[in-house]
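Presented below is the structure to which this report refers.
The values are calculated or read from the model by the stated rules, or taken from the named source; none is laboratory data. As the structure is a prediction and not an experimental result, all values here were calculated from the model. Quick reminder, even Gly has a Cβ in these numbers, built from the backbone with ideal geometry, and neighbours come from all protein chains shown. Areas reflect the complete protein model, heavy atoms only, side chains present, ligands, DNA and RNA absent. Shrake-Rupley method; radii C 1.70, N 1.55, O 1.52, S 1.80 Å.
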Amino acid sequence: MLSTRSSRTVPARPGSLWASVVRIIHDGPATTLGRYGIALAVMAVAAVLAHVVSPYLQDSTFALFFVAVVTVGWLGGVGPAILAQVLSVAIAVLVMPRDPERPPDPPLGVLAGMAAFVFVGIAAGLLSHSMRRAQRNARTEAEEAIRQREQLRATLAGIADGVIVTDIQAQITLMNSVATRLTGWEEAEAAGQPLRAVFQVNREGSPDPADSAVRNVLAARPHRPSDQPVLLTSRDGSVRPIDFSAAPIDNAALGMTGLVVVFRDETERRRTEQALLDADRRKDEFLALVAHELRNPLAPIGNALQLLKLPGVDAELQDETRVIIERQFEHLVRLVDDLLDVSRIARGKITLKPEHTTLDAVLQRAVEAARPAIDDRRHALDIHLPPDLPPLRVDVVRIAQVFTNLLNNAAKYTDPGGRIGVAAVREDNHIVVRVQDTGIGISAGLLPKVFDMFMQVEQGRSRSNAGLGIGLTLVRTLTEMHGGRVAVHSDGPGKGCEFTVRLPSAAHAVNGQAPAEDDATPFRARKVLIVDDNVDSAVSLARLLEARGHTARAVHTGTEALSEEGEFRPDVVFLDLGMPEMDGFSVARELRSRRGRGGPLLVALTGWGGAEDRMRTSEAGFDFHFVKPIRAEDAARVLSLER
């Protein structure tokens with residue numbers, strides 16, 4: 001421990017006379033006036049003592065003045081010592097009585113005595129001055145060292161990395177709070193300990209110590225941080241990955257006086273990197289899976305089209321082929337819809353349209369959508385709903401999508417001939433629905449991840465049946481958007497799964513069965529203009545409408561649309577938005593400026609279906625907005641409307 005006072009300082013009560021005397025003896029007078037005042041005081045005391053003792057000890061009076069000069073030189077320095085010598089001579093010559101009978105001293109002896117007198121006095125002053133200056137310098141350096149140490153401690157306390165400072169023997173002198181937390185050693189306990197006892201590091205996967213950085217610095221060799229992972233073993237035995245470096249502490253006068261080790265906990269960074277790697281891996285798997293899933297329906301569609309090209313295909317085979325195309329087309333639409341839903345969820349663009357309904361009505365829609373998958377694998381489906389369930393206030397389409405995904409998931413991951421059960425109970429103000437299956441189950445390690453985006457539960461199941469890995473993500477997100485929760489439980493592989501959906505009940509009971517749309521849409525022949533830069537899309541829709549009794553024309557640019565509209569005067573215009581040169585928004589604005597709201601019905605056909613997209617088409621003057629491909633019943637409904 002450094003101190004600003006010498007250990008020889010005599011303790012004294014602050015403010016006492018004795019304390020002042022001790023300070024003057026130890027440090028000397030603080031001011032020039034004080035030093036010369038001390039000289040005058042000491043010489044006055046010496047003169048009085050010499051006058052008193054001179055009748056008895058005449059030959060000893062010189063010794064009194066000699067001691068006085070040395071004392072003044074010690075306390076006051078060179079200047080006061082010279083003053084004391086001058087006063088000593090003056091007092092001896094002018095004041096002190098001299099025995100007339102005593103023979104005079106030899107001149108050479110007088111000169112030698114005077115020279116010795118002067119030399120000793122000045123030497124005492126110089127020695128005093130040098131010693132006190134050295135004391136002041138030492139005290140200043142000690143105070144500066146303490147100040148710098150405290151400043152260093154304050155600086156290290158604000159650093160997020162662990163810092164350990166050692167002396168030249170690699171014994172610890174200082175640690176910051178981060179270092180104490182990571183090593184498990186308190187600073188007071190670690191002080192004086194060898195660095196290797198506190199900072200225990202090893203190469204990952206090897207028992208060999210990894211303190212080469214410290215050894216290199218102590219041996220004055222350059223150190224380059226290693227890329228090999230390093231593990232720090234704490235005092236309690238816990239192990240964590242770290243990154244560390246060491247550097248010498250150099251002093252201009254003394255050279256290297258120690259070293260500083262800086263290290264940081266890499267646990268969180270590694271966890272983040274691993275999460276990013278996992279996400280990137282799942283993304284790559286997802287993209288590969290999307291390509292795979294999109295090719296699956298394309299193959300039977302291509303085969304069916306080739307079959308229809310063959311001569312002599314009978315009507316029954318043609319009907320069967322059309323059913324295949326329709327089924328695979330619907331499958332493609334569902335895949336694209338799921339992808340769009342994920343995109344909307346990620347951007348927060350899904351808007352719910354809640355209405356009062358019943359769980360029974362929702363499940364009817366869900367079972368109808370999932371029935372092909374359930375029947376295809378010959379599963380038995382059991383549904384048990386108590387009669388006293390309260391109504392729900394939900395977006396019927398979205399909650400039906402939740403249960404459709406769960407039923408499809410159960411059908412997919414249950415071996416043929418399995419059982420799927422759906423049961424519901426009322427708990428407080430909620431309806432709890434459980435979807436159980438006798439399928440392949442889920443391991444405990446995968447249970448927390450099943451709702452993650454792109455997550456695949458493969459467990460011996462071929463990829464062709466794995467899906468896109470986004471269905472359960474939609475289940476969780478849509479349920480939570482309704483203020484509900486979803487959970488999963490499985491006793492392990494081969495023991496099936498149970499998904500639990502918890503939804504809040506509605507505040508008031510209403511008839512939950514939504515009125516069915518009138519399928520008997522009256523037919524009216526219309527003049528229809530289709531505008532799309534995708535030639536196949538425009539022409540095929542025109543041919544379909546013509547086959548249903550309408551008059552249809554197809555054009556492929558905005559300029560052609562404006563020209564054709566003036567000549568053809570259509571009742572309805574199906575208009576693509578993303579065309580080059582002149583897009584659908586510009587065409588719609590131009591048509592509205594020409595004919596106002598008395599012109600044709602404008603129907604936007606686009607791949608964009610978000611709320612912002614629909615707002616833009618409405619502002620541009622469109623009457624309807626449909627996402628491609630438009631369903632036949634939607635097109636029929638629009639064509640049946642009067643302006």
- With each label point set 7 Å from Cα along the Cα-Cβ vector, what nm distance links Gln306 and Glu480? 4.6
- If the chain between Lys449 and Glu368 were fully stretched, how many nm would it gain, using 0.36 nm times the residue separation less the Cα-Cα distance? 26.3 nm
- Query: Leu277 versus Ser540, label points 7 Å from Cα toward the beta carbon: distance in nm?
  - Reply: 4.4
- Note on the structure: Placing each pseudo-label 7 Å from Cα in the direction of the beta carbon, Arg419 and Arg181 end up separated by a distance in nanometres of 5.4
- Provide the FRET efficiency to the nearest 0.05 for the Glu189-Asp375 pair, computing r from the beta carbons and using R0 = 60 Å. 0.25
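Among 297-309, 579-591, what's the highest-first ranking by average C-beta atoms within 10 angstrom per residue?
Working: 297-309: 13.7, 579-591: 17.9.
My ranking of the peptides, most packed first, is 579-591, 297-309.
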- Message: Below 8 Å between Cα atoms, with a sequence gap of 6+, how large is the relative contact order for region 230-272 in percent?
- Response: 34
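Counting Lys and Arg as +1 and Asp and Glu as -1, each charge on the Cβ, what is the dipole of region 589-643 about the Cα centre in debye, to the nearest 20?
Numbers: 11 positive and 8 negative charges, 46 e Å.
Here the size comes out at about 220 debye.
Return the FRET efficiency for the residue pair Gln135, Arg196: r is the Cβ-Cβ distance, R0 is 41 Å, and the value is rounded to the nearest 0.05. Can you show the working numbers first?
On the way: r = 39 Å, r/R0 = 0.95.
Efficiency, from the Cβ-Cβ distance: 0.55.
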- Share of carbon and sulfur in the accessible heavy-atom surface of region 524-643 [1.4 Å probe, %]: 49
- Message: Full-extension gain between Ile159 and Ser640, please, as 0.36 nm times their residue separation minus the C-alpha to C-alpha distance.
- Response: 165.9 nm
- Going by a ≥ b ≥ c, the root eigenvalues of the Cα gyration tensor, does region 532-643 fall in the rounded group (a/c under 1.5), the prolate group (a/b larger than b/c) or the oblate group? rounded
- Task: Using R₀ = 56 Å, calculate the FRET efficiency as 1/(1 + (r/R₀)^6) where r is the Cβ-Cβ separation of Arg631 and Thr267; round to 0.05.
- Result: 0.60
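State the extension gain, in nm to one decimal, for the chain segment bounded by Ser234 and Ser563, taking 0.36 nm per residue of separation less the distance between their alpha-carbons.
Numbers: separation 329, 0.36 × 329 = 118.44 nm, distance 8.06 nm.
Stretched fully, the Ser234-Ser563 segment lengthens by 110.4 nm.
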- Taking a label point 7 Å from the Cα of Gln318 along the Cα→Cβ vector, which residues of region 536-555 have an amide N closer than 18 Å to it? 543-549
